[in-house]
Amino acid sequence: MAAAAAVVGGMVASGVIKVVIKQIGSAIGGKIKLHKNLKKDLQKMKMTLESVEAALSDAERRSINDSSALLWVNRLKAAMYDISDMLDDFESDTQSRVGAMRKKISMPDKMKKMQKRLQKITEDHQNYRLLPETRSNEPQLPDIRENAGTMVEAEIIGRAEEKLEILARLSGSTTEHTTFVPIWGLGGIGKSTLARLVYNHPEFEKHSRVWVYVSQIFDLKKIGNTIISQLSRQQSQQILDLHSINIRLQELLAEKKNALIILDDLWEKRPSQLEELKSMLKQSKGCKVMVVVTTRDEGIANEISTVQPYKLPQLSDEMCWEIMSQKSKFETRDDKERLEPIGRDIAKKCKGVALAAQSLGHILRSKSYGEWNSVRTNHIWNLSTSTDASSSHEVLGSLLLSYNLMPPYLKSCFAYCAIFPKGHIMIKDELIHQWIALGFMEPSSIFSYWQLGESYIMQLLEMSFLQHSKAIVEWYDIDNIVTLFTMHDLVYDLARSVMADEFNLAGPNCRYAWNIDSAKPLKSSTTSPEKIRTLNIVGDETSWPSWYKFHRDAIAPAKYVRVLHSSVSSNRLVASIGQLKQLRYLSAPNIRGRVDLGCIGMLQKLNYLNLHNCQELSALPESISEMEGLMYLNLSDCENLKELPNSFANLKELVYLNLSNSDNVIGLPEALANLTKLQQLELTACENLRGRPEVITNLTELRNLRLSRCMHHIFDSSSTVQTESFIDSICRLPNMEHLDLSFNGHPLISIPESASCLRKLVLHGCRQVARLPECVAKMDRQSLFGLLPLFSVTTDDGKCYSNLGFLEHVNPHKLNIKKLENVKSPEEARSVRLIEKHRIEEMSLMWNPQAERSVDDMELLRELVPPTTLQKFEIYGYISASFPDWVMSIGNYLPNLDRMEMYGLPNCKSLPPLAQLPPNLRVLTLEEMESLEEWNTTYCSGEDGVNELMFCKLEQVNIHFCPKLRITPHLPRAASWSIRGSDNVLISWAGSVSHNDASSSFSGVSTTLIVGRSKVPLHQWRLLHHIPALIALHSYNCWDLTSSPEITFAHSKLSEWVGELASVQQLTINRCMTLEELPGNMRQLKQLQSLKLNICCSLRQLPLWLGELTSLKKLIICSCFAITICQTAYNSSQTSKN
């Protein structure tokens, strides 16, 4: 299995040799002070490597099937790493004063040995007769695709809905004669299969149909000739020039009424070439041409499409199992019952990739039970390859094609992602910085390393080799500018295969070590610690104090390490890093204890430093300026950091600086003044910028700025003019994209019009926004955060208007307006024009009931008519006694309302009649409406005499703390009632009604009733007479259930009443302090299945007749401390009791 992985692993060598040639070039260019002869030797070595590089692509392709070529590639790769280490040694030796003479003598010896080694590799390269790379002679991995017409639709599983979606997009385009519908997604996921389904669909039987396999070599002439051949239905002579091809295509398409063309597996990215392809197929006049394109690249899909590209989702585990069953002829086997659970486990490992399921199904066709189980448990899943070459190609072939065509630098960047555990969430900024630290970036005179890194990320995303992750990492808030990625498991397995020998801790070529125990010496984990390039160390968090267990040789032997990531909180780590002279990337957050960074100046190559939450870090040394290439510095939450050294201003390459919550730092303005390359600056809660805002507005490269909770530390006064001028200056910085002003309540924040040019403006917690221009309010919700959905109405003292007018230009899905008592006039509310905001689906209107008002609540509410699209509506703190007309006829204004809730309306006396409620209302809540006296549930009959009440969709009614409320004359039909502290609803019914009358409006409805905080005895709950289909009754904190003879069911009329509760299946009595015994007539509850008694402190015993309740399945008794359980009560019961 390791050998199979190595086959793929040989293909990463081209990336390594690129890095080494670049490194030699830097040394020759003067980065290292070399003796004249050494420089000549390096020049000769560089020329040799450039010659080898020209033939390396051929060697990598041969290495897939040729073991000798593979051996040569791996030897070359190992030599490249050693040359790189040698050059690092040369650089360190020339900079060191210790033993300088001895080291100068050793340099030629090292060079001589390396030259001999390289000479042998070069001679072998010549013996293999490897060919320099040329486009025209580029060997290809063999293709195993079937032709379009050979696939039987019945054999294709799980793509019926996707097929209908593509058909809809093809038929839905009526504006263009030629329609391009791209299908894009991960390699092997079934794009071509879906295209075949479309190709073979009966809808296109009478169309002229063409299938072209484009492949990675884009040849317009070949594509054109293939289409001509299939349209003419004869083997035509090849046309050699594009102009003649276009003319012939125009002739053929003009003869057809409709044509369907499938362009399968398109790789070409150049827009000019794709435009020529589109033009070639737009020659038709009078013929509708539909083109389906399959590609792995989202960028290609977007470039060539005329309608929305379709991203093909992965298959479900069940669909993968169906494919495997079909390919393995599972149904014909005698042992299928034993095999099925194993097969389903294997199907889960396919992760929705059809190609993997097809391959595994084929492999398992002739295998025994033991072999099926071996496949399930085999470490094939760590390598995603097989010892069988053909099946390996079937599983990984499509991904290998993608990988093989990557540029060398991109190969290295992709393969490096395998250092993380499977399923790991990668953070974009960290990943790019690690690529930079390892030298993976291709030198460019136009783009910075960071820009190149972002470009590489985009390419990997478009090829589906990286995927955006929806996970939220807990230490980043949701509005931060953090981009997260993950890898599909099959892609991850490919990356692991590419890097297999470089992850093998026991092997001689291990370069990347992950999760190394910091309590042990590094040599105990790997045989070649000096070759490690990336090191991730961890501590044993299960023991205390784990932070103290740090071995002195945990990292010291890794003298060539470039990337060090530590999750160890020991301050001993810092004391060990000074000797890691090649370190470029150091992430060591959360270090406990005193942190002395005196040795940090020795890390002159460091470009990334993360010391987040090192709370005992009190100072940075002056030697920090020695890290001249430092690009990223995170000192957030270092709460004891007191000052920045004078030399801090010399970190002129700094691109990212985070000092958030390091609020005691002094000297900040002076330090920032010279950091002119800063692109991201985070200063949340920083207190020492007072009086020097210009240091920020002079940072012209800034793109992202976080000033949360710190505006009041910048300005002495609360002048909105000052803050607006400052914010305006920031927004006008030429590169500014993201500005976070969260939780800046004082001074007042005044937003300038220039903020509308930002890509993202965050205003969470800014409850005192004095000005919000129309152009800013209209910003898309993806750009403007914080003001919505919760909007707080504010006003300055003495002003005749509030900020409610800011809402005039917004149209969100959800809007909650609080502090409406601050509105100054009804005209302000009218200007918002809520009724026109048809995107709003949820809305809350909130007043403070105790606050003074400038406008009567009813007058204000009259102007706040929601749009007809509203589905959820809440009113809180409204103190007028009645409602405006639109509320009393709310069903006419809000026909789509699903949920309505009213809280804390102390003076309201009446509600809209039931007939006026919205027809789709499901949930109605009335709470803390102490003056509410009546809810009129009168309803009208339709023309056919059918009661409209019968069609009411009401499901849940909650009435809480409405002590005066009566419901007359009918009880609305609802499946669930909750009545708390509202005794009038329970007792204010004219009298008993017949069972038939009561059930007329409740036909077919099984009802649950919850009663809480009732002071009236149970026998007075006349509401129960109106719920004939009561299946669950839950009471809690009800004072009096059995305190009189009537309550013990001795009353002559009570027996009939109990009979009407015969449908009850669940009964809960909670916190009934006076209940001493259960009434005997409860034995009539023959349907009772669950009885719960909770905190009934006076209940002394359970009756013997409980055993007669044969339907009872659950008896729960909690905190009834006075009770004595009589076991005889259960002897006759046929049910279990809990």
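Laboratory data are not the source of any read-out in this text; all were calculated from the coordinates shown. Keep in mind that what you see is a predicted model, and the values were worked out from it rather than measured. Neighbour counts run over all protein chains shown; Cβ positions are idealised from the backbone, glycine included.
One table, with the values for the structure above:
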read-out	value
At 0.890 mPa s and 25 °C, Stokes D of segment 519-593 from Kirkwood alpha-carbon radius, µm² per second	199
Gain on full stretching of the segment that runs from E933 to A506 - 0.36 nm per residue minus C-alpha separation	145.5 nm
Binned Cα-Cα distance frequencies in segment 600-682 - 5 Å width, integer %	3, 17, 28, 31, 19, 3
Theoretical FRET efficiency, 1/(1+(r/R0)^6), r = Cβ-Cβ of K872 and N590, R0 25 Å, to 0.05	0.05
Only Lys, Arg (+1) and Asp, Glu (-1) charged, at Cβ; segment 148-311 dipole about Cα centre in debye	320
Net charge contributed by nearby residues that have their C-beta within less than 14 Å of P773 (K/R +1, D/E -1)	-3
Virtual spin-label span in nm between E701 and R365, 7 Å along Cα→Cβ	6.0
Cut-off under 5 Å, modelled amide H: who pairs with E934 long-range	L911, R966
Distance between modelled label sites at R732 and C1097, nm, 7 Å Cα→Cβ extension	7.2
Ranked Y585, Y213, Y369, criterion: other C-beta atoms within 10 Å, fewest first	Y369, Y213, Y585
Estimated translational D of segment 261-324 in µm²/s (Stokes, Kirkwood radius over Cα pairs; 25 °C; 0.890 mPa s)	179
Potential extension, Q579-S910 segment - 0.36 nm per residue separation minus Cα distance	111.1 nm
D219, D983, D124 arranged by Cβ crowding within 10 Å, fewest neighbours leading	D219, D124, D983
Segment 214-331: Lys pairs at Cα distance under 25 angstrom, eight or more positions apart or on different chains	29
Residue-count net charge about E670 - beta-carbon cut-off 15 Å; Lys, Arg +1, Asp, Glu -1	+1
Kirkwood hydrodynamic radius over Cα pairs of segment 406-501, then Stokes diffusion coefficient at 4 °C and 1.567 mPa s, in µm²/s	93
Compactness of segment 569-639, expressed as Rg and Dmax over alpha-carbon positions, Å	10.9, 30
Inter-label distance, nm, simple model (7 Å from Cα along the C-beta direction), F1121/R117	8.0
Chain lengthening between N37 and E643 when straightened (0.36 nm per residue, less Cα-Cα)	213.3 nm
Per-residue ³J(HN,Hα) for segment 821-826, Karplus 6.51 cos²θ - 1.76 cosθ + 1.60, θ = phi - 60°, Hz, x for Gly and Pro	5, 7, 5, 8, 7, x
